[in-house]
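J.: Below is a structure I'd like to ask you about.
Just so you know, all these numbers are worked out from the coordinates, no wet-lab data involved. Everything quoted here is computed from the prediction, not taken from an experiment. Positions of Cβ are generated from backbone atoms using ideal geometry, with glycine treated the same way; all protein chains shown enter the neighbour counts.
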Amino acid sequence: MKRFLDLNAVRYAYPGRSNADLDVDKDVVHSLSLHIAPGDFHCLIGRSGCGKTTLLKLAAGLLQPQAGAVTLQEEPVTGPNPDMGFVLQTPTLLEWLTVRDNVLLPITLHGKVQAAQHDKANELLDQLGLNGLHSRYPQQLSGGQQSRVAIARALITAPPMLFMDEPFASLDAITRSELQQDLLALCQSQGTSVLFITHDIAEAVYLANHVSVMHAGTICHQLAIHLPHPRQPALRYTTDFNACCAELRQAMDGKL
Ligand SMILES: Nc1ncnc2c1ncn2[C@@H]1O[C@H](COP(=O)(O)OP(=O)(O)OP(=O)(O)O)[C@@H](O)[C@H]1O
Ligand SMILES: [Mg+2]
């Protein structure tokens with residue numbers, strides 16, 4: 001398999017944690033390896049507290065492993081770099097900037113915005129269903145609309161690698177499925193690789209080419225999802241889709 005993002009035997013313990021606060025030992029991530037191919041949509045599921053966010057932070061260079069290595073296109077990851085975009089669970093928009101200026105923030109942090117980038121921001125916002133709202137401020141938007149702005153902001157630089165930590169967790173089911181569809185279309189058109197954390201097994205199966213199940217700091221099960229692309233909503237009611245969900249559920253229950 002051609003590799004893009006590579007975690008090799010990565011280990012991590014938060015500073016100051018003693019054995020006393022944990023059942024097993026102090027490592028939150030144990031000698032974990034994970035490989036993501038170019039253009040792969042990789043979902044990570046697992047029970048609360050098993051180490052998913054920690055793993056994502058290690059992969060994105062926001063934390064440094066105490067052992068093992070993380071590489072992006074064979075270069076060591078030592079901190080966040082311009083090839084990476086982030087969408088976290090809370091949209092973290094700047095309330096004094098308009099929607100459009102929030103989307104352009106990754107560019108304004110590094111220099112002047114070109115006309116083409118301005119057009120790109122408008123195009124992304126329209127693609128995400130925010131036409132007519134570009135000049136509003138974040139507090140004038142619903143939670144779902146704010147999440148869309150955060151997605152547009154992560155995609156404005158067309159990063160080859162996108163990290164998403166439960167980005168749709170607070171949304172209603174219909175908005176969520178619309179955003180899943182929009183995200184898949186955008187990632188497909190930009191060839192983006194994605195590491196996506198979710199608690200929702202059906203969301204993972206719908207979005208992913210590969211799903212990893214995490215338990216107590218390790219990957220306990222991996223499943224390649226061989227469902228047809230582009231994903232269509234009716235897929236959710238098929239036997240193949242439900243078989244994938246059932247296998248992942250069993251893995252989460254420790255039965256595989
Ligand atoms: N900054 C920190 N300092 C010390 N321990 C931490 C810190 N952040 C997380 N932990 C601990 O590390 C473990 C893994 O946390 P992490 O946030 O990676 O879990 P998670 O799988 O993302 O959970 P959730 O699904 O609830 O978001 C937990 O036991 C948590 O208490
Ligand atoms: Mg988390």
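J.: I'd like to know if the stretch 72-85 contains one or more residues that are of a type in the set (A, V, I, L, M, F, W, C), within 14 Å of ligand 1 (Cβ to nearest atom) and at negative phi.
T.: The answer is no; no qualifying residue exists.
J.: Give me the residue from the stretch 181-215 that is in contact with a Lys or Arg (Cβ under 9 Å, 6 or more places away or on another chain) and surrounded by fewer than 19 Cβ atoms within 10 Å (Cβ to Cβ) and, out of that set, farthest from residue 243 (Cα to Cα).
T.: 182
J.: Show me the helices (runs of 4 or more DSSP H) found entirely inside the stretch 38-132 where at least 2 residues are over 20 Å from the mean Cα position of the chain (by Cα) and surrounded by fewer than 12 Cβ atoms within 10 Å (Cβ to Cβ).
T.: Fully inside the stretch 38-132 and qualifying: 115-127.
J.: Just to be sure I understand the filter: pairs with C-beta atoms under 9 Å, separated by 6 or more residues or on different chains, first member in the stretch 45-62 and under 13 Å from residue 165 (Cβ atoms), second member of a type in the set (Asp, Glu) and near ligand 2 (Cβ under 9 Å from one of its atoms). Which pairs pass?
T.: 52/165; 52/166; 53/165; 53/166; 56/165; 57/165
J.: Restricting attention to the stretch 164-201, and to residues there that are more than 16 Å from ligand 1 (Cβ to nearest atom) and of a type in the set (Ser, Thr, Tyr), which single residue is nearest to residue 55 (Cα to Cα)?
T.: Among those that are more than 16 Å from ligand 1 (Cβ to nearest atom) and of a type in the set (Ser, Thr, Tyr), it is 193.
Residue by residue, here is whether (1) within 16 Å of ligand 2 (Cβ to nearest atom); (2) in contact (Cβ under 8 Å) with a residue 40 or more places away in the chain; (3) over 12 Å from the mean Cα position of the chain (by Cα); (4) in a loop (DSSP other than H, G, I, E, B) holds:
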site	(1), (2), (3), (4)
148	no, no, yes, no
154	no, yes, no, no
158	no, no, yes, yes
164	yes, yes, no, no
174	no, no, yes, no
177	no, yes, yes, no
185	no, yes, yes, no
189	no, no, yes, no
